[in-house]
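One structure is given here, and the rest of the page talks about it.
The values are calculated or read from the model by the stated rules, or taken from the named source; none is laboratory data. Quick caveat, the model's predicted, so the values are computed rather than measured. Here Cβ is always computed from backbone atoms with ideal geometry, including for glycine, and neighbour counts include all displayed protein chains.
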Amino acid sequence: MPFSLAIATSFLLFFASPGEFFWAPLMWVALVPLLLAADRCQPKKAAKIGLFSGVLYYIPLLYWILIVLGKYGNLSPLLTFPALVLLSLYMSLYLAVFCAGLAWVKNSIPLLWVAPPLWVALDFLRSRLFTGFPWLDLGYSQYQNTLLLQLADLTGHHGLTFLIVLVNCMIFSIIRHRQRPAKPTFLKEILPAALILATAFSYSAYRFALLEETIQTSPKLTTGIAQGNIDQSKKWLPSLQDKTIQNYLSMSNKLITEKRPELLIWPETALPFFPVDHPLFTQIKESILRPNGPVFITGAPHFVISPETKTINYYNSAFVLTPIKMELPVSNGKTYTTARYDKQHLVPFGEYIPFSDYLPSSMPIVQSMGNFSPGSSLEPISCHKAEIGVLICYESIFPDLARQEVQNGANLLVNLTNDAWYGKSSAPWQQLAMVVFRAVENRKSLARAANTGISCFIDPLGNQIELSPLFEPFTMTADLPLLEGSSPFVKYGHFFPLLCLFGLIPIVFFVKKKLQVER
């Protein structure tokens, strides 16, 4: 019976998780079967049930790993499928700890007061350990519920996760006590939880109404995106570089002529070559960087040679080129300024190989994967009236990077990504859900340029102004509001998961003492 309940939770979690087809309300009941199962078991068995449920959930959720490593990473199925299973097992360990913890405290303290902070604390640890993989925490499922997700500017996405687990626990408590009505239980558990929910919903509604007015009167930046839809398997072929750039230039020049954007964005590694002294890069600058034209951002690989050691460091970068304002072109002298952002949070086994210095160079995984160096600066880049914080692909799932850029003065976030790696899977929708929260947490507009989609504009309330289709060339423009100042999340809301983590310490001591007395 407990394992049947675990299967039910896996099923509900999967269909409540963002994808092309999903139903977010399922997340508010998805954990109830698992809570009932953990309540009937001792900690060891509860851990097994949690692990089992997690594996059944994460393997179909993360199946796109097979596409990334196999189809585009050129790795054998003998490596790709074990990689998916191992990653799913790792993610499931946190669910095992969650279930074991609930089984341990069940007779000492109501699960209602343990489960929400425990889940958030485990999410926080997963976002930090082994470089972190905070992929699709429960709160992200609510990315389309703009009235509710305003809470994120106070607690980050973790606050939504807390509420989801809290509601699941309330339903669990009602079921558990249904045949044993207990007024004290209602007063001690359900009523305080309902007050927390009411407060959270009220805050979210208040912030939504307040920000709606602010957005209408804020300065705007006309921003354009070109989505090239370049086939990942052919992208890096030298014979197709010119065709790729001509496609982008054709789309962009039409956009500039018709919409006159102040900022033009191309996706991550839109330039499939090193720009330094490359003739195609010169052609791009001559075509786009017109006097008084748009600021231009594009992704491209980059390298720097150390003058001391002569070693070469490679970077996944975003180049920001700003035309110098003038009445007439100048034949001699520079007509633009250049800035660069280097990606800081690299993808393990995608952009670098952990412990590669200790692995044989003949190993397939070492030969097949890149080995980039991380950047170091989180200072925003100036663009007309905007200060831009850049996030490259995977960086958008880490709240702290965007938060630090806003803390340093950014009033617009730009996310360059190449989701072609995911193929035709649910991963682009999953990543979109996480990106929406970066806009709301920091109360900044966000422009997302993706090679194959989903490209979009997101306002500070989390409204998705426009979404591009997947695997189609596409251009779009929008007037993005530029809000100044910092949200509560930027200042101190990022401490919420730490509060949950340290809040568990007195609970552990209380339960240990109670168990010792009972013995």
Count - residues of the range 130-143 that are closer than 13 Å to Q430 by Cβ and out of contact with any Asp or Glu (no Cβ under 9 Å at 6 or more places or on another chain): 6
Residue list for the range 294-310, filter: surrounded by fewer than 20 Cβ atoms within 10 Å (Cβ to Cβ) and touching a residue at least 12 places away in the same chain (Cβ under 8 Å): P301, F303
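Please give the helices (runs of 4 or more DSSP H) falling wholly within the range 1-111 in which 1 or more residues are of a type in the set (G, A, S), under 26 Å from the mean Cα position of the chain (by Cα) and buried (at least 17 other Cβ atoms within 10 Å of the Cβ).
Values: elements: 2-16, 32-39, 43-61, 77-105.
So the answer is 2-16, 43-61, 77-105.
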Residues of the range 401-437 satisfying the condition of being charged (D, E, K, R) and either over 15 Å from the mean Cα position of the chain (by Cα) or modelled with pLDDT of 95 or more (or both): R403, E405, K424
Residue check for G224: touching a strand residue (DSSP E or B) at 6+ places or on another chain (Cβ under 6 Å) and assigned by TED's automatic domain parsing to the domain that holds R443: yes
In the range 251-293, residue surrounded by the most Cβ atoms within 10 Å (Cβ to Cβ) [restricted to those that are of a type in the set (S, T, Y) and over 24 Å from K343 (Cα atoms)]: S252
So G50, is it under 20 Å from M434 (Cα atoms) and either assigned by TED's automatic domain parsing to the domain that holds I171 or modelled with pLDDT under 95 (or both): no
Pick from the range 410-439, criterion surrounded by 24 or more Cβ atoms within 10 Å (Cβ to Cβ) and of a type in the set (D, E, K, R), ranking: farthest from T452 (Cα to Cα): R438
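Counting just the residues of the range 466-504 that are in a strand (DSSP E or B) and of a type outside the set (S, T, N, Q), which one comes out farthest from L163 (Cα to Cα)? Talk me through it step by step, then tell me what you get.
Just the residues of the range 466-504 that are in a strand (DSSP E or B), to begin with: 466-467, 474-481.
If we keep only those that are of a type outside the set (S, T, N, Q) too, we end up with 466-467, 474, 476, 478-481.
Details: E466: 28, L467: 28, F474: 37, M476: 35, A478: 33, D479: 33, L480: 30, P481: 29 Å.
My answer is F474.
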Filter result (in a loop (DSSP other than H, G, I, E, B) and touching a Gly at 6+ places or on another chain (Cβ under 8 Å)) within the range 398-415: F398, N408, A410
Pairs where the first residue, in the range 258-273, is in contact (Cβ under 8 Å) with a residue 24 or more places away in the chain and the second is part of a loop (DSSP other than H, G, I, E, B) and of a type in the set (G, A, S), C-beta under 8 Å, 6+ apart: W266/G228; P267/G228; P267/S455; A270/G228
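Yes or no, residue by residue, for (1) within 22 Å of the chain's Cα centre (by Cα); (2) among the acidic types (D, E); (3) at pLDDT 70 or above; (4) exposed (fewer than 15 other Cβ atoms within 10 Å of the Cβ):
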{"site": "A318", "(1), (2), (3), (4)": "yes, no, yes, no"}
{"site": "L321", "(1), (2), (3), (4)": "no, no, yes, no"}
{"site": "G333", "(1), (2), (3), (4)": "no, no, no, yes"}
{"site": "Y336", "(1), (2), (3), (4)": "no, no, yes, no"}
{"site": "D342", "(1), (2), (3), (4)": "yes, yes, yes, no"}
Subset tally (residues that are assigned to a loop (DSSP other than H, G, I, E, B) and under 19 Å from N418 (Cβ atoms)) for the range 450-465: 5
